[in-house]
Amino acid sequence: MQNKINIGLIGAGTVGGGTYKILKENFSEIFRKTGKEIIVFALAEKDLKRAKEIVDDKTIVYEDAFDIVKDKNIHVIIELIGGTGVSKNLVEEAIKNNKHVITANKALIAMHGEELVSLAREHNVNLAYEAAVAGGIPIIKSVREGLAGNKIEWIVGILNGTTNYILTEMKENNLAFDVALKQAQDLGFAEADPSFDIEGVDAAHKITILASIAFGIPINFNAVHIEGISNLEQKDIIFAEEIGYKIKLLGITKHHHDSVELRVHPTLIPEKKLVANVDGPMNAVLVQGNMVGPTLYYGAGAGAEPTASAVVADIIDLARNLESTSTTHIPILGFIKDEIKPKKILLIEDITSEFYLRFSMQNESGVVEKIKQVFELHSIGIGVIVQKEIKKDDGIIDIILVTSNIIEKNINEIINEIEVMPENKNKIVKLRIEQLNS
Ligand code: HSE
């Protein structure tokens, strides 16, 4: 019986520091749960000064991370440097050296998960990634294990703390986009390249992983439709609120009989829904199972200790299972290998949704009627129509309209027709609405 587990930690950044701290401060608690002494045996970090600020003298510090994955004393490698370049080579090397790997790297799993999972299966080691999705929320375990008895129907989540923080600050404190982003960076929430946050890529990595473990489909990042928040205007956040909605950047995946929806975009959700009130850097994930109904998970989606909390949960899982004959008794992607089957991912034009539209029209009598007529001609119902007062003297009014459910390519046709009207003075704003009904 092996009583000591030696960890090799790669990266002394935000999450690396948090992981070291938890393993040290909660050492006894973790021992009580595993019966093992879990030690950070070595740390790989190019910046030696930074490394020394984190670990004590007993921990070996490797400047070259390729040395840590070869170290025969190490049982588990924790990859916390992010990105998909060196980190991929390191994870591959660690697996080939028969080490279990834990990673918080959503980009790596979303883009190369299939090949890494195959490699891990070949070497009979585990590849654990709880921290890759929604930080401290145990959403991988919840979907893959806690809800395993269900057929998952859909998942909708606020999966990026940085953008949720920015949207909250823009609305609550009237902060400019750039100021709010800078704050999120200073607080350690943002990606090294924050365009991954604000353009929706980070949330797309996460919803891709969730779709795979929820529906038993291959991880397919290239199929996600991605829109971020950089084009979102403050006036739409305000107008949406006036008609009872909040705008959140959502990752959405839905299972249909012969297809799957996989998309990330700013979305209007009814203000009464719990998810609409998830603010700041917090994340929330709503999972609909066919037996359990809706389930909601809330918690810190970014930051040192919350993310490290998920990393350490993976370490504890491994520690508890090291003696079992198969270390991968829970399929890494939730479904047994031969049952992971591709499904058509719907193009965004083919999804059905309600839409929020904002038109900038010349303030002339009959303009609202003209818009209504186009909808009538296409037999599309309109739920709400609001004409805003003119604040400027340019004679242009904002008209807000909410549609009934319609296929996206049909709403695009209507938009194209209205955009060429002489009264139309700007690009029409189109945002999707989710009612989040179970
Ligand atoms: N940049 C990410 C976020 C970090 O803001 O959610 C956690 O994955």
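Going Cα to Cα from residue 337, which aspartates and glutamates come in below 18 Å? Please leave out same-chain ones fewer than 8 positions away. By straight Cα distance, residue 337 reaches 114, 115, 122, 145. Its relative contact order, with pairs defined as Cα atoms under 8 Å and 6+ residues apart, puts the range 340-428 at 42 percent. Averaged per residue, the range 139-300 has 37 square angstrom of accessible surface, using a 1.4 angstrom probe with ligands and nucleic acids left out.
Highest-first packing order for the peptide set 307-313, 41-47, 174-180 is 307-313, 41-47, 174-180, based on the mean count of other beta carbon atoms within 10 Å.
Relative to the longest principal axis of the Cα atoms of the chain, the long axis of helix 14-25 makes an angle of roughly 50 degrees.
Taking label points 7 Å from Cα along the Cα-to-Cβ direction, residue 330 and residue 32 give a separation of 2.2 nm. Taking the C-alpha atoms only, the angle from helix 408-419 to the longest principal axis of the chain is near 40 degrees.
Once neighbouring chains are kept in place and the probe is 1.4 Å, which whole percent of the accessible area of the range 139-300 is contributed by carbon and sulfur? Here it works out to 51 percent.
Note on residue 46: lysines with a C-alpha under 19 Å away, same-chain residues under 8 apart excluded, are 58, 70, 88.
Be a star and scan the range 263-303 for residues whose amide nitrogen sits under 13 Å from the point 7 Å along the Cα-to-Cβ vector of residue 177. Within reach of a label on residue 177: 266. Phi angles of the range 114-123 translate, via the Karplus equation with coefficients 6.51, -1.76, 1.60 and θ = phi - 60°, into HN-Hα couplings of 4, 5, 5, 5, 4, 4, 5, 4, 4, 9 Hz per residue; Gly and Pro are given as x. For the range 327-387, what % of the accessible area comes from carbon and sulfur atoms, probe 1.4 Å? Of all accessible area on the range 327-387, carbon and sulfur atoms account for 52 percent. Taking Cβ atoms as reference points and 11 Å as the exclusive limit, the residues near residue 189 contribute a net charge of -4, counting Lys and Arg as +1 and Asp and Glu as -1. Computed about its Cα centre, the charge dipole of the range 72-181 is approximately 320 debye, with only Lys, Arg, Asp and Glu carrying charge at their Cβ.
Relative to the longest principal axis of the Cα atoms of the chain, the long axis of helix 161-172 lies at roughly 40 degrees. When DSSP beta bridges are restricted to pairs lying wholly in the range 139-300, around 95% turn out antiparallel.
Label zone of residue 271 (point 7 Å out along Cα→Cβ, amide N under 11 Å): in the range 218-248 this covers 238-247. For the chain, the 222 nm mean residue ellipticity estimated from helices alone, with every DSSP H stretch of n ≥ 4 adding -39500 (n - 2.57) and the total spread over all residues, rounds to -10500 deg cm²/dmol. With 0.36 nm allotted per residue and the present C-alpha distance subtracted, the residue 425-residue 124 stretch has 102.2 nm of extension available. For residue 344, a cut-off of 23 angstrom between C-alpha atoms picks up these lysines, skipping any fewer than 8 places away in its own chain: 106, 151, 206, 254, 409.
The values are calculated or read from the model by the stated rules, or taken from the named source; none is laboratory data. What you see is a predicted model, and the numbers here were worked out from it, not measured in a lab. In this analysis, Cβ positions are derived from the backbone assuming ideal geometry, glycine residues included, and neighbour counts consider all displayed protein chains. Please note that ligands, DNA and RNA were not included when accessible areas were found on the heavy atoms of the full protein model with its side chains. Shrake-Rupley method; radii C 1.70, N 1.55, O 1.52, S 1.80 Å.
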